[in-house]
1. Just give me the residues in region 60-71 being more than 13 Å from VAL24 (Cβ to Cβ) and either at pLDDT 95 or above or out of contact with any Ser or Thr (no Cβ under 9 Å at 6 or more places or on another chain) (or both), in sequence order.
2. With of a type in the set (A, V, I, L, M), in a strand (DSSP E or B) and crowded, with 18+ Cβ neighbours inside 10 Å as the only criterion, which of VAL47, VAL35, VAL62 stands out?
3. For residues in region 11-32 being in a helix (DSSP H, G or I) and under 9 Å from the mean Cα position of the chain (by Cα), which is farthest from ARG68 (Cα to Cα)?
4. Of these, GLU23, GLU18, which one is among the acidic types (Asp, Glu) and either surrounded by 14 or more Cβ atoms within 10 Å (Cβ to Cβ) or at pLDDT 95 or above (or both)?
5. Mind checking which residues of region 1-37 are of a type in the set (A, V, I, L, M) and touching a residue at least 24 places away in the same chain (Cβ under 8 Å)?
Amino acid sequence: MADYADLTKFIAEKIAAEKDGVEVETQPRGRTTIVRLKVNDADMGKVIGKTGRNIEAIRAVVRSAGLRHHERVQVELKDRK
């Protein structure tokens, strides 16, 4: 199994201004792996991007990495609360 959390964290840290505020956790759910990405409120807009382009790009990269290993991977963006 590939480490999708590291890939997601690597990409998100390049986008976010506050690198320490990026947290990623994974949860296997059946045949799918859920990757939860948490960033600071100040960086939320940067990670989402204009009309959601950045988060969709992150999802596409991680999803394609999963396809290489014949796995389903889903990236979710969570608020810090």
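The values are calculated or read from the model by the stated rules, or taken from the named source; none is laboratory data. Keep in mind that this is a model prediction, so the values were computed, not measured. Note that we place each Cβ from the backbone using ideal geometry, even for glycine, and neighbour counts take in every protein chain shown.
1. Those that are more than 13 Å from VAL24 (Cβ to Cβ) and either at pLDDT 95 or above or out of contact with any Ser or Thr (no Cβ under 9 Å at 6 or more places or on another chain) (or both): ALA60, VAL61, ARG63, SER64, ALA65, LEU67, ARG68, HIS69, HIS70.
2. On the way: VAL47 fails: in a strand (DSSP E or B); VAL62 fails: in a strand (DSSP E or B).
Going through VAL47, VAL35, VAL62 in turn, just one is of a type in the set (A, V, I, L, M), in a strand (DSSP E or B) and crowded, with 18+ Cβ neighbours inside 10 Å: VAL35.
3. Taking the candidates together, the pick is ALA12.
4. Only one candidate passes the filter, namely GLU23.
5. Taking region 1-37 and keeping what is of a type in the set (A, V, I, L, M), we get 1-2, 5, 7, 11-12, 15-17, 22, 24, 34-35, 37.
The answer is MET1, ALA2, ALA5, LEU7, ILE11, ALA12, ILE15, ALA16, ALA17, ILE34, VAL35, LEU37.
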